[in-house]
């Protein structure tokens, strides 16, 4: 495929959700029958509860789930943030060539996913605003003309968190209908024009702007995964004061903004592919701010010098594993639960339960087999 190379970099950003480890067990009164709650039923129906004879203010509840090889109910919104500076040519190619290592797991699981691609270029899409700003900052007319000429050569949808691919592309529906079209579209939009313009690569700021400008892309009940790929450090804290009246500088501020846009903030994660070892070239820097963003969202960070097939496969496995979880409809008292798989009580070492998210996730080495019946019993208040 031919592409215009003007000078470039790629950045990928993925947000995914995490789980803590605050699991506790309680001993259920075996003389007491607990009614099963189908996860699709209204749990406020009193027939779904069994009174606790020891404490009438508390009831036992049992929810039943089934492990399946396909999960059409799992929704995932993915945003690729591409560093489109010239030094990222090889990384863009590696991403396109190894994309199947990432997407195959989603296809096999029948996830309901959609993807968007943006670039790391933080320059505002409002030309007049940018022109006035550069007029104040440029040292002379020659520098002003140079910056404006570079701006005018840049596609508008690659600025300021714009979306490169059209709505309706890079979705699970497109993949199911025409896989070749889906893969060709990914190559077309991920292999962005490369530039050597004087900009501050600002992936965190671009994530914020993408979320603001494309709010309809995100589904509240879906995982939001940002994947960022870059060989340079995030510089959002440098440019934000010039471009945004309500700017952030700290990594945690950007992370909190992105997480708090959801009813369940834990559904947002950032994955990063950045420099983690000594930079080889002068235009490479450590990606400490992206690594910190991944840590704060319980995402994953990998070194950009590793094979992309390995990185993307690792990312895919982690996202797929997030879908192997079961959300409870009520909050267990004191986080106490009992888990059965095919009527056998299992050890708490085989799963993680996060009280704040009401989420049960099995350890990948103890995933129930396809068709297994999973019962979760716990106490709730009346």
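Could you tell me the convex hull volume per residue, in Å³, taken over the Cα atoms of region 237-281? Don't skip to the end; give the middle numbers.
Working: hull volume 5.0 nm³, N = 45.
Per-residue hull volume (Cα only) is 112 Å³.
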If packing is taken as the mean number of other Cβ atoms within 10 Å per residue, what is the order of 207-216, 232-241, highest first? 232-241, 207-216
Can you give the FRET efficiency to the nearest 0.05 for residue 342 and residue 253, using r as the Cβ-Cβ distance and R₀ = 41 Å? 0.35
Viscosity 0.692 mPa s, temperature 37 °C: Stokes-Einstein D of region 325-380 from its Kirkwood Cα radius, in µm² per second? 284
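Based on the Kirkwood radius over alpha-carbon pairs, what is the Stokes-Einstein translational diffusion coefficient of region 145-269 at 20 °C with 1.002 mPa s viscosity, in µm²/s? Present the calculation step by step, with values, prior to reporting the outcome.
Working: Rh = 16.4 Å.
It diffuses with D of about 130 µm²/s by this estimate.
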Could you please tell me the mean projected area of the C-alpha convex hull for region 297-356, averaged over all directions and given in square nanometres to one decimal? 6.1
Estimated inter-spin distance, residue 309 and residue 329, nm [label 7 Å along Cα→Cβ]: 4.6
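If you take the Cα atoms of region 154-194, find Rg, then find the Kirkwood Rh from the mean of 1/r over all pairs, what is Rg/Rh? Please list the in-between numbers first.
Details: Rg = 11.4 Å, Rh = 11.0 Å.
With Rg and the Kirkwood Rh in hand, the quotient comes to 1.03.
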Rg from C-alpha atoms of region 124-207, normalised by the globular rule of thumb 2.2 N^0.38 Å, equals 1.42
Computed from every Cα-Cα pair in region 241-310, P(r) in 5 Å bins starting at 0 and rounded to whole percents is 3, 16, 20, 19, 18, 14, 7, 3, 0
Sorted by average packing, counted as other Cβ atoms within 10 angstrom per residue and highest first, what order do 166-173, 94-101 take? 94-101, 166-173
Computed over region 205-249, the distribution of all Cα-Cα distances in 10 Å bins, rounded to whole %, is 22, 46, 30, 3
Take the Cα radius of gyration of region 61-207 and divide it by 2.2 N^0.38 Å, with N its residue count; two decimals is plenty. 1.34
Apply the a/c threshold of 1.5 to the C-alpha gyration tensor of region 224-382 and tell me whether it is rounded, prolate or oblate. oblate
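Each value in this text was obtained by applying a stated rule to the coordinates, not by laboratory testing. Because the structure is a prediction, the values reported are computed rather than measured. All Cβ positions, glycine included, derive from the backbone under ideal geometry; neighbour counts span all protein chains shown.
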